[in-house]
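Take a look at the structure below.
The values are calculated or read from the model by the stated rules, or taken from the named source; none is laboratory data. The shown structure was predicted, so the numbers you read here are calculated from the model rather than taken from an experiment. Glycine also receives a Cβ, built like all others from the backbone with ideal geometry; neighbour counts cover every protein chain displayed.
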Amino acid sequence: MNLIHLPDRATWLEHRRSGLGGSDVGAILGRAKYRDATPLRVWESKVSILDDEDNYTLARGRYMEAFIAGRLELECGGKVDRVTGFAIARSAADPCLIYSPDGFVTMPDGRVGVCEFKSRIRDAREWAEAIPDDVVTQAQHGMNVCDVDFALVACDVGNDLRWASVDRDPTWATEIRPRLIAWWHEYVVPQVPPPPQAEDAAVLARLYPRHSPGVTKAMPGEFIAVREEIEELETVRDAAIERINALKNRVRAEMGDAEIGVLATGAGWRWKTQHKQEHVVKASTSRPLTAFKAKER
């Protein structure tokens, strides 16, 4: 492992573009916490310079790391050394694999492991029985990049610190690691985007914000089936929406001027008057995708 200390956040973000980190791996493997963390979004972050969103939640998480590290040291019996500032570990064998460790722990028997610190008060229930899959994925990636045999994962859930030790999975090196390296060389190195997913409309809008006037592209033959499937699904969707609206109107008619309609099960509906202030929509540019039939162009 080669742990590189960097002077500032901007430099750290630049180094992050040079490899696949823990959160990137979760998105590529389909184990990310958030739906908009997709392979195409990871690819965009590596080939484009994007504005980094540093929100309150992220800032609070960084602030809490010192407290979590100190508390974990009291409870685990080992020596916890938090990584301060900005640092990136790079795999000696596979430089395209990187990791930003929150810390390292040295146990009384001399074993050294990586530390993952989390602060997830709103998601405390996810930690009630086991470590969430996205965090396990980050820990496994960190162990493999840093070449250690275990990780301590600690999460502040508001009223408690929940932590556990995660052992290195030997199949990661033989199955997952080659898959990540292949992904990097298939998509990032040649700057060829991976196939988009359902949540990738915003990414595609950033990649292709404007059309080229007068340019027509002959679509591959496979897109005939794509168009047919879209039309079939839209027909089913429209029928479902119509049925939903009809059922909701039955509910409204039965409720009349009541605010709440309750069922014997305790569930029900709320139909409440809402007032909205008048506002002016700001000017914006978008690129909606619309279908046309033959000879309609």
| said: Anything in region 137-160 that is of a type in the set (Gly, Ala, Ser) and either surrounded by fewer than 21 Cβ atoms within 10 Å (Cβ to Cβ) or assigned to a loop (DSSP other than H, G, I, E, B) (or both)? List them, or say none. | reply: 158
| task | Go over the candidates 183, 163 one by one and state the one that is farther than 28 Å from residue 127 by Cα and in the same structural domain as residue 134 (by TED's automatic domain parsing). | result | 183
| task | Tell me the strands (runs of 3 or more DSSP E) entirely within region 70-125 that contain at least 2 residues that are in the same structural domain as residue 179 (by TED's automatic domain parsing) and of a type in the set (A, V, I, L, M, F, W, C). | result | 86-90, 103-106, 112-119
| Residues within region 1-39 that are in contact (Cβ under 8 Å) with a residue 40 or more places away in the chain, basic (Lys, Arg) and closer than 22 Å to residue 86 by Cα, tallied | 2
| field | Enumerated helices (runs of 4 or more DSSP H) restricted to region 1-67, each holding at least 2 residues that are exposed (fewer than 13 other Cβ atoms within 10 Å of the Cβ) and at pLDDT below 90 | value | 9-16
| query | Assuming residue 266 fulfils every condition listed in (1) within 33 Å of the chain's Cα centre (by Cα); (2) part of a loop (DSSP other than H, G, I, E, B) apart from one, which condition is it? | reply | (1)
| request: Just give me the residues in region 161-215 being assigned to a loop (DSSP other than H, G, I, E, B), surrounded by 11 or more Cβ atoms within 10 Å (Cβ to Cβ) and not aliphatic (A, V, I, L, M), in sequence order. | output: 168, 169, 193, 194, 196, 197, 199, 200
| Test set (1) touching an Asp or Glu at 6+ places or on another chain (Cβ under 7 Å); (2) not assigned by TED's automatic domain parsing to the domain that holds residue 48 - residue 168 fails condition number | (2)
| request: Report yes if residue 134 is in a helix (DSSP H, G or I), in contact (Cβ under 8 Å) with a residue 60 or more places away in the chain and of a type in the set (Asp, Glu), otherwise no. | output: yes
